[in-house]
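What follows is a short report on a single structure.
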Amino acid sequence: MSDFENKVALITGTTGIALATARRLAQAGAAIIACGIDRAANSAMKAELESFEPGARVLDIDVSVADQVRDAVAAGVERFGGLDIIVNSAAVHPYGTATTTDWETWNRAMTVNVGSIYLTAHFGIPEMIKRGGGAIVNVASVQGFACQQNVAAYATTKGAIHTLTRSLALDYAASGIRVNSVSPGSIRTPILEKAARGENGSDADVEEAYRRFGAAHPLGRIGEPEEVAELIAFLCSSKAGFCTGADYKIDGGLTAGIGVK
Ligand SMILES: NC(=O)c1ccc[n+]([C@@H]2O[C@H](COP(=O)([O-])OP(=O)(O)OC[C@H]3O[C@@H](n4cnc5c(N)ncnc54)[C@H](O)[C@@H]3O)[C@@H](O)[C@H]2O)c1
């Protein structure tokens, strides 16, 4: 029997790493409830998941709104009978320093990137406890360890995700719930494409930008969403039964050195 047979997974985000993770878990037998704010991406994900999991739910929701997350968890439990896995991948990536980021943008980054993890835990953990345990994986970033310039809000949220991961791990270990985070370097997804196009959304050569980003990683390339999904799948599986409260970097060696050649 596959590791995810009879498992129910709630995933936030419907593109990039979330989509690759949904595919990976669904192909291994998990029932998926995905939550995203981008309706076009949600429809595309649903169409794809239905080819191997006819019951998959992809909900049009804003994961920073408490009632919407509560209803998403309830819908998943009603449809599939419980909840075993949460993968928090949704995020926004505003640019700005402390002086150029307005209060609304700052708060939006905090509520989407960090608040949504609190909300899926708040509403999801009681359901996981009813099943006797489960696994949560939060997608953080290398920017939670060492950050670039001009991403003050984004980088701060990623550090907060590392801390929230440890806190949840300690509080729910006795309930059989393991909580870990992954910290990717540059991964080929829509968020990185936006970074390649720059703050002003230019029509820059995206592949050339990816080569430049890749060259900064000791392995000499950017990563693929499927590589991150594989690590997430491992952390969600029973093979990772002794892993909790930790962060797992998947960054091609980016944070191993001090960046001087
Ligand atoms: N791609 C990279 O280079 C990289 C590097 C480090 C960390 N990450 C992290 O990986 C995670 C996934 O990002 P990705 O790379 O797959 O990019 P992505 O843009 O494809 O994924 C982000 C997803 O979040 C969704 N989203 C945004 N706001 C939302 C909201 N309010 N409610 C519901 N959904 C919302 C978007 O619609 C999108 O599907 C993010 O947490 C990101 O910070 C990505």
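The values are calculated or read from the model by the stated rules, or taken from the named source; none is laboratory data. This one's a predicted model, so the numbers in the text were calculated from it and none came from an experiment. Note: ideal-geometry Cβ built from the backbone for every residue, glycine included; neighbour counts use all protein chains shown. Remember, those area values only see protein heavy atoms, side chains included, never the ligands or the DNA or RNA. Shrake-Rupley method; radii C 1.70, N 1.55, O 1.52, S 1.80 Å.
Before moving on, here are some points about what is shown:
- Qualifying residue in the stretch 202-212 (condition: open to solvent by 40 Å² or more (accessible area, probe 1.4 Å) and either under 14 Å from the mean Cα position of the chain (by Cα) or closer than 30 Å to Ser2 by Cβ (or both)): no
- For the stretch 131-181, the tally of residues that are within 12 Å of the ligand (Cβ to nearest atom), among the hydrophobic types (A, V, I, L, M, F, W, C) and farther than 16 Å from Ser116 by Cβ stands at 5.
- Residue pairs meeting the criteria (Cβ under 8 Å; at least 6 apart or on separate chains; first more than 19 Å from Gly16 (Cα to Cα), in the stretch 203-226; second part of a helix (DSSP H, G or I)): Asp203/Arg197; Ala204/Ala196; Ala204/Arg197; Gly220/Gly214
- Evaluation of Gly253 against the conditions (1) open to solvent by 40 Å² or more (accessible area, probe 1.4 Å); (2) part of a loop (DSSP other than H, G, I, E, B); (3) over 28 Å from Tyr172 (Cβ atoms) shows that the sole unmet condition is (1).
- Yes/no for Ala90 being within 12 Å of the ligand (Cβ to nearest atom), of a type in the set (A, V, I, L, M), touching a Gly at 6+ places or on another chain (Cβ under 7 Å) and modelled with pLDDT of 95 or more: yes
- Ala98 fulfils the conditions (1) touching a Ser or Thr at 6+ places or on another chain (Cβ under 9 Å); (2) part of a loop (DSSP other than H, G, I, E, B) except for a single criterion, (1).
- Test for Phe52: is it over 21 Å from Ala135 (Cβ atoms) and in contact with a Lys or Arg (Cβ under 9 Å, 6 or more places away or on another chain): yes
- Qualifying residue in the stretch 221-235 (condition: open to solvent by 20 Å² or more (accessible area, probe 1.4 Å), within 30 Å of Asp102 (Cα to Cα) and charged (D, E, K, R)): no
- Of residues in the stretch 49-71 being near the ligand (Cβ under 10 Å from one of its atoms) and in a helix (DSSP H, G or I), the one farthest from the chain's Cα centre (by Cα): Gln68
- The residue list Thr99, Thr15 contains one member that is touching a helix residue (DSSP H, G or I) at 6+ places or on another chain (Cβ under 6 Å) and hydroxyl-bearing (Ser, Thr, Tyr), which is Thr15.
- Of the residues making up the stretch 103-135, those that are open to solvent by 50 Å² or more (accessible area, probe 1.4 Å) and either in contact with a Cys (Cβ under 8 Å, 6 or more places away or on another chain) or among the acidic types (Asp, Glu) (or both) number 1.
- Output for the stretch 185-201, where each listed residue is within 12 Å of the ligand (Cβ to nearest atom), free of Cβ contacts under 8 Å to residues at least 60 places away in the same chain and open to solvent by 50 Å² or more (accessible area, probe 1.4 Å): Arg188, Glu193
- The stretch 23-48, residues that are touching a Gly at 6+ places or on another chain (Cβ under 9 Å) and crowded, with 21+ Cβ neighbours inside 10 Å: Ala31, Ile32, Ile33, Ala34, Cys35, Gly36, Met45
- With respect to the conditions (1) within 9 Å of the ligand (Cβ to nearest atom); (2) assigned to a helix (DSSP H, G or I), Gly76 lacks only one, and its number is (1).
- Scope the stretch 7-48; condition under 20 Å from Ala121 (Cα atoms), in contact (Cβ under 8 Å) with a residue 60 or more places away in the chain, away from the ligand (no atom under 11 Å from the Cβ) and not in a helix (DSSP H, G or I); matching residues: Lys7, Val8, Ala9, Leu10
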